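Visitor: Here it is: the structure, laid out below.
The values are calculated or read from the model by the stated rules, or taken from the named source; none is laboratory data. Since the model is a prediction, treat every value here as computed from it, not as a measurement. Neighbour counts run over all protein chains shown; Cβ positions are idealised from the backbone, glycine included. Only protein heavy atoms, including side chains, enter the accessible area calculation; ligands, DNA and RNA are left aside. Shrake-Rupley method; radii C 1.70, N 1.55, O 1.52, S 1.80 Å.
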Amino acid sequence: MLRSFLAAAAFAAIAAPAFASNSFTFETANPVSDKRIVAESVVWTCEGTKCTAELDRKAPTVRICKKIAQEVGTLTALRNTKSELTAEQLTECNAAARK
């Protein structure tokens, strides 16, 4: 019984960071008019052209970018604490959002 508990506790300690949310930031070409917006099923806090939120995603993707751009317009950046979209990915994102 104690071994099962210890194994479960060890797994939880290892797995917890994988399920933790990451701080994401996106920037827009034009200022966002609302202080809070919903995009990608998340509430983003915005000030000027910069918005932040916590997402349960490991890395920014063109798909996430496209969904956000459909709500707020052209994005100039999408990043989290570990990575960010390239210029080519942002171009793809913004083009897909306009379709």
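Visitor: Pairs please, first residue from the stretch 38-54 and in a loop (DSSP other than H, G, I, E, B), second anywhere and open to solvent by less than 30 Å² (accessible area, probe 1.4 Å) and of a type in the set (Val, Ile, Thr), Cβ atoms under 9 Å, 6+ apart in sequence or on different chains.
Guide: Once the first residue is in a loop (DSSP other than H, G, I, E, B) and sits in the stretch 38-54, its partners that are open to solvent by less than 30 Å² (accessible area, probe 1.4 Å) and of a type in the set (Val, Ile, Thr) give Glu40/Ile64; Glu40/Ile68; Gly48/Thr28; Gly48/Val32; Thr49/Thr28; Thr49/Val32.
Visitor: In the stretch 62-75, is there at least one residue being in a strand (DSSP E or B), at pLDDT 95 or above and surrounded by fewer than 19 Cβ atoms within 10 Å (Cβ to Cβ)? Let's see the steps before the verdict.
Guide: Initial filter on the stretch 62-75 (in a strand (DSSP E or B)): 75.
Now restrict to residues that are at pLDDT 95 or above: 75.
Applying the additional criterion that residues be surrounded by fewer than 19 Cβ atoms within 10 Å (Cβ to Cβ) yields none.
No: the stretch 62-75 contains no residue that is in a strand (DSSP E or B), at pLDDT 95 or above and surrounded by fewer than 19 Cβ atoms within 10 Å (Cβ to Cβ).
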